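J.: One structure follows; several queries about it will come next.
The values are calculated or read from the model by the stated rules, or taken from the named source; none is laboratory data. Note that this is a predicted model, so its numbers are computed, not measured. Reconstructed Cβ throughout: ideal geometry from the backbone, glycine too, with neighbour counts over all protein chains shown. Accessible surface is based on the protein model in full, side chains and every heavy atom, while ligands, DNA and RNA are left aside. Shrake-Rupley method; radii C 1.70, N 1.55, O 1.52, S 1.80 Å.
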Amino acid sequence: MLDNREAPGARPQGGHRTGLVHRVWRRAVDGLAAVGTLLIVVLMLLICADIVARNLLGSSLPLISELGALTLVVIVYLQLAATVRADRLPRTEILFALLQDARPRAAALLAACFDLAGTVLVGLIAWSTVRILEKDLASHEFIGVPGIATLPTWPFRALILVGVTVAAVEFLLRTLSALRAAASEERT
């Protein structure tokens with residue numbers, strides 16, 4: 001398994017500027033994950049409020065099901081880049097661990113292929129999300145029932161686009177890191 005995390009106090013190669021860019025990127029990824037965590041709390045509060053309303057008033061609060069569905073998707077995409085960076089996406093680790101012990105260069109190339117596939121697939125999701133966001137903005141798409149409660153969908157789509165774009169870039173950075181690892185294994 002490739003480990004892209006820094007040791008405490010370590011400086012990435014390339015000096016201060018690269019270290020600064022790396023720290024800012026890491027904080028941005030962690031910040032998106034933190035926003036996703038806060039949205040989990042918001043979603044739990046919305047669900048609890050809806051349960052109380054159903055029991056006390058006999059009916060659901062407006063927008064809860066639509067808001068919950070969109071919020072759940074936003075949470076997933078905001079936390080995806082941190083999941084990628086932490087190497088927590090599911091894959092067959094048994095084969096990968098054996099390959100890494102026997103042939104580290106082949107393991108690095110396999111990791112690069114996995115991350116490149118992630119870059120392409122998540123990049124395609126980002127590209128399609130741009131079109132959906134454009135459509136939502138142009139048509140003033142909303143959720144809810146007019147006259148009771150409505151919300152525009154574009155802020156949710158924008159957050160999804162940010163999360164999926166950052167995840168695609170994180171996959172690309174991991175691809176480049178794996179290729180560098182494969183190249184350095186070749187020289188040794």
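J.: What distance in nm separates the simple spin-label points at Leu98 and Phe142, each placed 7 Å from Cα in the Cβ direction?
T.: 5.9
J.: Okay, next question. Would you mind computing, in nm to one decimal, how far apart the modelled labels at Val120 and Val41 are, each placed 7 Å from Cα along Cα→Cβ?
T.: 4.1
J.: Report the rotationally averaged projected area of the chain based on its alpha-carbon convex hull, in square nanometres.
T.: That works out to 14.4 nm², a quarter of the Cα hull's surface.
J.: If packing is taken as the average count of other Cβ atoms within 10 Å, what order do 160-167, 61-68 fall into, highest mean first?
T.: 160-167, 61-68
J.: Determine the share of the stretch 12-99's accessible area contributed by carbon and sulfur atoms, expressed in whole percent, with a 1.4 angstrom probe. Display every interim value, and only then the final one.
T.: Working: 3950 of 5550 Å².
Answer for the stretch 12-99: carbon and sulfur cover 71 percent of the accessible area.
J.: Here's another thing I want to ask about it. Work out how far the C-alpha atoms of the stretch 33-125 reach from end to end along every principal axis, then list the three figures in whole Å, largest first.
T.: 64, 26, 19
J.: Got a sec to turn the phi values of the stretch 162-173 into Karplus ³J(HN,Hα) couplings, 6.51 cos²θ - 1.76 cosθ + 1.60 with θ = phi - 60°, whole Hz, x for Gly and Pro?
T.: 4, x, 6, 5, 5, 5, 5, 5, 4, 4, 4, 4
J.: Treating the angle as unsigned and between 0 and 90°, give the value, to the nearest 10°, between the Cα long axis of helix 15-57 and the longest Cα principal axis of the chain.
T.: Helix 15-57 and the main axis of the chain meet at about 30 degrees.
J.: Tell me, what HN-Hα J-couplings in whole Hz come from the Karplus equation 6.51 cos²θ - 1.76 cosθ + 1.60 at θ = phi - 60° for each residue of the stretch 104-116, using x for Gly and Pro?
T.: x, 5, 5, 5, 5, 5, 5, 4, 4, 5, 4, 5, 5
J.: Then there is this: Can you give me the long-range amide H partners of Phe142? Hydrogens built in the peptide plane at 1.01 Å from N, cutoff under 5 Å, separation of 5 or more residues or another chain.
T.: Answer set, sorted by chain and number: Thr153.
J.: Another question, then. Mind checking the per residue accessible area of the chain for me, 1.4 Å probe, whole number of Å²?
T.: For the chain, the solvent-accessible area averages 62 Å² per residue.
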